[in-house]
Every structure is written in structure tokens, then in C-alpha cells.
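Data first, discussion second: the structure below is written as C-alpha cells.
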Amino acid sequence: MDPTEDMIEAAFPAPQVNELTAPYWKALEEGRLSFQRCAACAHAWLPARSECPRCLATEPRWETASGRARLVSWVVYHHAYHDYYATRLPYNVAVVELDEGPRLVSNIVDARSDLWIDMPLDVVIQREAGTALARFRPA
Amino acid sequence: MRGNVVIAGIGQTAYGKLPGRGTVSLNIEACRNALADAGIEKNAVDALLVKPPTSNPQFMYGQTLAEAMGLQPRVGGAWDQGGAANISLIAFAAMAIEHGQCDVVLVCYADNPRTGSRHAYEKAWGDDAAYGWFGVPAGYAMLARRHMEEFGTTSDQLGEIAVAIRKHGAANPNAQLRKPLTLDQYRDSPWVVDPLRRDDCCLVSDGAAAVVLMSARRAKSLGMDKAVPILGFGQGQSSSDVAQRPDLTKTCAEVSGATALQMAGLRPQDIDIAQIYDCFTITVLMTLEAYGFAKHGQGGPFCAGGRLAIGGELPVNTSGGLLSETGMPGLQLVLEGVRQMRGDATSQVKAARTCVVSNQGGIMHTHSTLVLGNPA
């Protein structure tokens, strides 16, 4: 491996997986985007929590997302706040809303034309420095 | 309690680079100047309220500061609401005075991200750092993009906000950045996080400011004729996570502003000038919409055409705001509101009788509003 590439790999800001978030990252490793749903009130959300933010019930269930989503908003970084991203400028970061309701921060890939708000998206799971990430492409 | 409590004195440090100064030292300088401005002795102070330094939060910072100032206040401590805390502390002080908890309050804030650490503004947003999600400017850029796409708000309209405020800062001898900005220069300004350019972003500064509060009755008995009455205040809060906010183009400034104006018994059209927290240009645009100066979505056209400059319909940030006077402490907006109401501002707006001041924290998720009036 190229030593420079090795250095970049080492700097990847990997998620800090804990007991609460482990099922989310494990599902992505297995090729599934998942979210939490409250067993009591059916509210759905991301990121992982131990209590439902709507009714405060405990023990939410994990559910697999359809992968269909819409683009809420996006930005394009021209300044790197982390060494890992310095070689990727400019790069986009987006807020995405799943058809099931939960929102997440992601990247838009394979965009062949301009992005527009509320454009339909599909999830595409990609590996970044060994970590499976949920990115999205125009549907 | 409209008008029952006044701002009797204001003080500040120099703004910009203040190497070798800790935040306790900066706070003390601002408080010393505020007490001198009010013409009262330190021993009259029986409450000390402070916003903890954003770039270096410390446990029980308010007590540390009180000790350094030789104060054993009846009411004291620190309140964390990010950039909204300064006005919220003023509101808390006013309520405490009104209810007999204390008589003379110092509210202050100091920070030194310019010569200290600016890490607080550039850090990762949790696990989303894996997607490259870092830093405060990107959060505001996310709001700006949605506003631009949904309502047709343009980069030039954001630029006009920066042009107006930088013009005011250029006229302020105490401003950190005294270089005016043209719209052409704004257009040439590099992207930081598109759709925000360098000149959409506030300064990174060291500095402190302080205000002295007391009852209007006490100020009168002390013979003060330039004490500025607090007519109203309000607060609001929405999703702290930008991604979770149901409508990215609406903010809690709406409930905060409505609460403050209702308390003051005023409508937006009764407000003569505004000091609006301009950490980014989009913040000004969205706050003015939320306060009812423009309809939701129409902030872009409202901010264009010189309306926000002195001489325009609603002069905004008449000493240069965060974009030009100083990025810290945010409290300088209150100080300028006080000067305008007293009639002793450097760029005095003639016949200004009412001023609204906004402070806000995080990515427009915690808001605090203050309405000031003329000395009686």
C-alpha cells in the first residue's frame, strides 16, 4: 500500500460504536440500513436512542428501511476541517429523510445532474476505510 | 414588568487579538468598565451572572469569577445556552431584581478563541464525521441552501447583508475589521462551505463585555438619566440537531421574538433599529423573518436594496455586529443597542426610540430576544 494512503486510512474519523449504536453499524455491514421504531407509539427515528423521543418509552425495535428517501438539503465543503477530507475537496454532505420518517446526515453520490431539494433518493451502502456507510444516489 | 429594570452601565474590552489574557481577566476588565460607566461601586453588586467561555468550558465558572472579583453575590453562576445565554442572563437578572432576589446585577461574558482555541467551532458532529460533517459553518450552510432552493433567496442577497454590516463596522473605531466590503468583493470571496462564502462568516475574536442592571426606581434615586429600560424579552428552542429540525427554514427566533414584543407591547413596525446576531449572514435573514419584519421566505428581498444600512428602513448592527465589530462576545450587540437608545453611539441613528437585540446559540436552535427603549 502507498504510505500516504496508509496515513489517510489511519486518520478516518470512524464512528465510535457503542452498545446503543452497534446494531445500526452491524446492519450496515450486512448491507441493510436500519432505524428505530417505538414499540409503544410507532414513532420512528435515527440516530439510535434508548428512549422514544416522542412518548419516552424504552426498548425501541430495530427495523430495516426501504432505502427510499428525499433530499432535505445539502452543502459542499471547500474547506477541510479534518485531514482525511483534505484530499476530497470539494465534497458534499446532505440531510436525507427516509420514506419511513427518520432523518440522517449522509453524502449524495452518482449525481449526473444538479441536485434539487426534495429529489427522490435511494440508499447505496459503500465502504469507507473499512466502515460501511449509508450514502444515497438520485432515484 | 415592562420598563421596571434598566441597563445602567455597559463596559467592554478591546476586540480582536488579546494574547496572554485569560477569560477571567477579560471579564473583570469589562465589568470594571461597566461599573465605571454606571458610576457605582463594586460593593453595590449583589449578583454576578456569566456565560461560561465557549472555547474552554469550566465547572462553576461563575463562582471562580466571583472569587477573582472579591464578590460573594446573593445570586451567581453560569448559564449555558451557547450564544443565546447573554440575553437570557439579562432576562433572568431582570426577573430576579423584580422579585427581590437581588438589587444590582453584573452580566458578563468573555472568550478568547482568536489567540486560544477555535476547536469548538470546527469539531466533528459525532459519528456523522464519517460522512465529513464538521464545523459550525456547515450547519448554517445547510439552512441557507434549503432557504435558497425553497424561496429563491440568492447569494447576492446574503452579500447585501454583509455589505451593510461591514459598512457600519468600518465607521466604528473599536471594530476588529474596519475594511468595508463591496458586493463585487463579496462575489469574489472564496467558498467556505457552499452556499456560504468567507464573507458570510463572522470574525473569530477575543473579547469581553458586561452590563450592569438594576431597578428603574433605584437608577432614578441614584440620579441616572441615561439608564436604558428593558421593555421585553423572550426565548425559544428547537431541535439542536440540524438534521432533525422539521422545517430547516423556520427557527425558534419566532417564538422568542413574539414573546419579547408582546411583553414590550410593540409590533415589528414599531421597532426603529435592530442588533441581530450575525454569526452568519443567513442568521440575520432568518431572524428578521422570524421577528416578523419580513414574511417567511421573503427575507432575501427584504435584506436587499440597502434597507439594513443606516439611512435605510431598518438599520441593523449599527456598530458592525459579529461580522465586523467582533466575533465575541455577542453581548456587544446589547451594548450597541444601549448606546443607540442613550443617543451616544458612534453611528447614531437619529430619533431611534426602540431597539430589538437578538442572541442565538448552536445552529439557530436556542434563541433569546431583548427589546430596549429610550431612557425615560
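Scanning region B:267-297 for residues that are among the polar types (S, T, N, Q) and surrounded by fewer than 21 Cβ atoms within 10 Å (Cβ to Cβ) yields a single hit, B:Gln269. Among the residues making up region B:283-304, a single one is under 20 Å from B:Arg197 (Cα atoms) and outside any helix (DSSP H, G or I): B:Ala304. Only one entry of B:Gly330, B:Gly311 meets the criterion of being of a type in the set (Gly, Ala, Ser) and in contact (Cβ under 8 Å) with a residue 24 or more places away in the chain, and that entry is B:Gly330. Somewhere in region B:141-156, is a residue under 24 Å from B:Pro53 (Cα atoms) and not assigned by TED's automatic domain parsing to the domain that holds B:Gly82? Scanning region B:141-156 turns up no residue that is under 24 Å from B:Pro53 (Cα atoms) and not assigned by TED's automatic domain parsing to the domain that holds B:Gly82. B:Val50 meets all of the listed conditions (1) within 14 Å of chain A (Cβ to nearest Cβ); (2) closer than 25 Å to B:Thr259 by Cα; (3) not small (Gly, Ala, Ser) but one, namely (1).
Hey, can you tell me all the residues within region B:344-376 that are part of a strand (DSSP E or B), in contact with a helix residue (DSSP H, G or I) (Cβ under 8 Å, 6 or more places away or on another chain) and within 12 Å of B:Gln237 (Cβ to Cβ)? Scanning region B:344-376 gives B:Gln360, B:Gly361, B:His367, B:Ser368. Among the residues of region A:87-100, the ones that are touching a residue at least 60 places away in the same chain (Cβ under 8 Å) and surrounded by 13 or more Cβ atoms within 10 Å (Cβ to Cβ) come to 2 in all. Restricting region A:21-39 to residues that are among the basic types (Lys, Arg) and under 14 Å from A:Glu100 (Cβ atoms), the residue that is farthest from the chain's Cα centre (by Cα) is A:Arg37.
Of the residues in region B:250-259, at least one is within 14 Å of chain A (Cβ to nearest Cβ) and either at pLDDT 95 or above or part of a helix (DSSP H, G or I) (or both).
Take A:Val95 and tell me if it is in contact with a strand residue (DSSP E or B) (Cβ under 6 Å, 6 or more places away or on another chain) and within 11 Å of chain B (Cβ to nearest Cβ). So A:Val95 passes the test.
For residues in region B:129-142 being in contact (Cβ under 8 Å) with a residue 24 or more places away in the chain and either at the interface with chain A (Cβ under 7 Å from one of its Cβ atoms) or more than 22 Å from the chain's Cα centre (by Cα) (or both), which is surrounded by the fewest Cβ atoms within 10 Å (Cβ to Cβ)? Quick ask: steps written out before the conclusion?
Taking region B:129-142 first, the residues in contact (Cβ under 8 Å) with a residue 24 or more places away in the chain are B:135-142.
Among the residues that remain, those that are also either at the interface with chain A (Cβ under 7 Å from one of its Cβ atoms) or more than 22 Å from the chain's Cα centre (by Cα) (or both) are: B:135, B:138, B:141-142.
Details: B:Gly135: 20, B:Ala138: 24, B:Ala141: 30, B:Met142: 28.
Step by step, filter region B:129-142, then rank; the result is B:Gly135.
Taking the options B:Pro190, B:Pro180, name whichever one is closer than 18 Å to B:Ala141 by Cβ, touching a helix residue (DSSP H, G or I) at 6+ places or on another chain (Cβ under 6 Å) and surrounded by fewer than 18 Cβ atoms within 10 Å (Cβ to Cβ).
Values: B:Pro180 fails: closer than 18 Å to B:Ala141 by Cβ.
Of B:Pro190, B:Pro180, the one residue that is closer than 18 Å to B:Ala141 by Cβ, touching a helix residue (DSSP H, G or I) at 6+ places or on another chain (Cβ under 6 Å) and surrounded by fewer than 18 Cβ atoms within 10 Å (Cβ to Cβ) is B:Pro190.
Restricting to region B:201-223, and then to whatever is under 25 Å from the mean Cα position of the chain (by Cα) and either of a type in the set (Asp, Glu) or part of a loop (DSSP other than H, G, I, E, B) (or both), can you tell me which residue is nearest to the other protein chains (Cβ to nearest Cβ)?
Across region B:201-223, the extreme among qualifying residues is B:Val204.
For the residues B:Gln235, B:Gln262, B:Gln244, the requirement of being touching a Ser or Thr at 6+ places or on another chain (Cβ under 7 Å) and surrounded by fewer than 24 Cβ atoms within 10 Å (Cβ to Cβ) singles out B:Gln235.
Among the residues making up region B:271-328, those that are in contact with a Leu (Cβ under 9 Å, 6 or more places away or on another chain) and of a type in the set (Gly, Ala, Ser) are B:Ala274, B:Gly292, B:Ala294, B:Gly299, B:Gly300, B:Ser319, B:Gly320, B:Gly321, B:Ser324, B:Gly327. When B:Ala34, B:Ala124 are checked against the criterion of being within 14 Å of chain A (Cβ to nearest Cβ) and either out of contact with any helix residue (DSSP H, G or I) (no Cβ under 6 Å at 6 or more places or on another chain) or under 23 Å from B:Asp200 (Cβ atoms) (or both), B:Ala124 stands alone in meeting it. Quickly run through region B:144-185 and pick out the residues that are more than 16 Å from B:Thr283 (Cα to Cα) and within 14 Å of chain A (Cβ to nearest Cβ). Correct list: B:Glu149, B:Glu150, B:Gly152.
Within region B:339-376, the set of residues being among the charged types (D, E, K, R) and over 15 Å from the mean Cα position of the chain (by Cα) comprises B:Arg342, B:Asp344, B:Lys350, B:Arg353. Residues that are aromatic (Phe, Trp, Tyr) and in a strand (DSSP E or B) were ranked within region A:34-86; the one that is surrounded by the fewest Cβ atoms within 10 Å (Cβ to Cβ) is A:Trp62.
Pairs are defined by a Cβ separation below 9 Å, a sequence spacing of at least 6 or placement on different chains, a first member in region B:186-200 that is more than 12 Å from every other protein chain (Cβ to nearest Cβ), and a second member that is acidic (Asp, Glu); the pairs so defined are B:Tyr186/B:Asp156; B:Tyr186/B:Glu160; B:Tyr186/B:Asp199; B:Tyr186/B:Asp200; B:Arg187/B:Asp156.
Would you please name the residue that is farthest from A:Val76 (Cα to Cα), looking only at residues in region A:105-117 that are in contact with a Leu (Cβ under 9 Å, 6 or more places away or on another chain) and surrounded by 13 or more Cβ atoms within 10 Å (Cβ to Cβ)?
Restricting to residues being in contact with a Leu (Cβ under 9 Å, 6 or more places away or on another chain) and surrounded by 13 or more Cβ atoms within 10 Å (Cβ to Cβ), the top hit is A:Ile117.
Among the residues of region B:86-133, which ones are assigned to a strand (DSSP E or B) and at pLDDT 95 or above? Scanning region B:86-133 gives B:Val105, B:Leu106, B:Val107, B:Cys108, B:Tyr109, B:Ala110, B:Asp111.
The values are calculated or read from the model by the stated rules, or taken from the named source; none is laboratory data. Since this is a predicted model, take the numbers as computed values, not measurements. Virtual Cβ from ideal backbone geometry, glycine too; neighbours counted across all protein chains shown.
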